[in-house]
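As structure tokens, the structure follows; a few thoughts come after it.
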Amino acid sequence: MLARMTSEPEQQIGVGTPDAFQRLWTPHRMAYIQGENKPTGPGAGDGCPFCSIPEKSDEDGLIIARGESVYAVLNLYPYTGGHLMVVPFRHIADYTELTAEETVELAEYTKAAMTALRTASGAHGFNIGMNQGTVAGAGIAAHLHQHVVPRWGGDTNFMPVIGTTKVLPQLLADTRRLLADAWPQPGA
């Protein structure tokens, strides 16, 4: 059951001197900060989430679409609404390890992701890229994944810039459903 919603700021004991600032609490982020569900090693059997996600239903795994060698999945810790990743099923760490077929399908799924995001959300632009290696910022360096981050004019407002807070207007399950419905069908 949902808690009672109010426009009055709630004071919490122990958070400092009461002031005019309201706090946005995002306790679900603590799992990411503490490294929950991070692999214990570089192997596919070391708890790699990108290896275990395809074993789940599309809804439970937040999978948008599945191909022969790659799949598209929502990011659990998105930069913006609709932030997804294109991931090879095969557990590899480096872009150069992709086969020619995997490279083509990864590129095609990236294009399909852009199409679906434009259809579902009217994205104005995209940040697309891979972080290769931990030193390059890869959160899960042992399993290659390409980020597709939709962007809109003015989406970098005061919240992330000054408040270091991201506001996501939709639940991930709802976003997954919208994007799965908007995913282009092969040959269409």
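The values are calculated or read from the model by the stated rules, or taken from the named source; none is laboratory data. In this text the structure is predicted, and so the values were computed from the model without any measurement. So basically every Cβ, Gly included, is an ideal-geometry build from the backbone, and we count neighbours across all protein chains shown. When the accessible area is computed, the model is the full protein with side chains, heavy atoms only, and any ligands, DNA or RNA have been set aside. Shrake-Rupley method; radii C 1.70, N 1.55, O 1.52, S 1.80 Å.
Counting just the residues of the stretch 65-101 that are under 14 Å from Glu55 (Cα atoms) and of a type in the set (D, E, K, R), which one comes out nearest to the chain's Cα centre (by Cα)?
Taking the candidates together, the pick is Arg66.
When both residues are 6+ apart or on different chains and their Cβ atoms are under 8 Å apart, which pairs have a first residue that lies in the stretch 97-124 and is farther than 18 Å from Asp174 by Cα, and a second that is polar (S, T, N, Q) and surrounded by 20 or more Cβ atoms within 10 Å (Cβ to Cβ)?
Hits for this filter: Leu106/Gln146; Thr110/Gln146.
So Gly81 passes all but one of these: (1) out of contact with any Ser or Thr (no Cβ under 7 Å at 6 or more places or on another chain); (2) touching a residue at least 40 places away in the same chain (Cβ under 8 Å). Which condition number does it fail?
Failing condition for Gly81: (1).
Residues of the stretch 78-90 being open to solvent by less than 50 Å² (accessible area, probe 1.4 Å) and either aromatic (Phe, Trp, Tyr) or at pLDDT 95 or above (or both), which ones? Quick ask: steps written out before the conclusion?
Taking the stretch 78-90 and keeping what is open to solvent by less than 50 Å² (accessible area, probe 1.4 Å), we get 78, 80-88.
Once the filter is applied, which keeps residues that are open to solvent by less than 50 Å² (accessible area, probe 1.4 Å) and either aromatic (Phe, Trp, Tyr) or at pLDDT 95 or above (or both), the stretch 78-90 yields Leu84, Met85, Val86, Val87, Pro88.
Test of understanding: among Ile63, Ile53, which residue is farther than 14 Å from Ile140 by Cα and open to solvent by less than 50 Å² (accessible area, probe 1.4 Å)?
Working: Ile53 fails: farther than 14 Å from Ile140 by Cα.
One residue alone meets the criteria, Ile63.
Looking only at the stretch 100-123, count every residue that is touching a helix residue (DSSP H, G or I) at 6+ places or on another chain (Cβ under 9 Å) and surrounded by fewer than 17 Cβ atoms within 10 Å (Cβ to Cβ) and tell me the total.
Residues that pass the stated criteria total 4.
Give the number of residues within the stretch 124-145 that are over 16 Å from Pro42 (Cα atoms) and touching a Gly at 6+ places or on another chain (Cβ under 7 Å).
1
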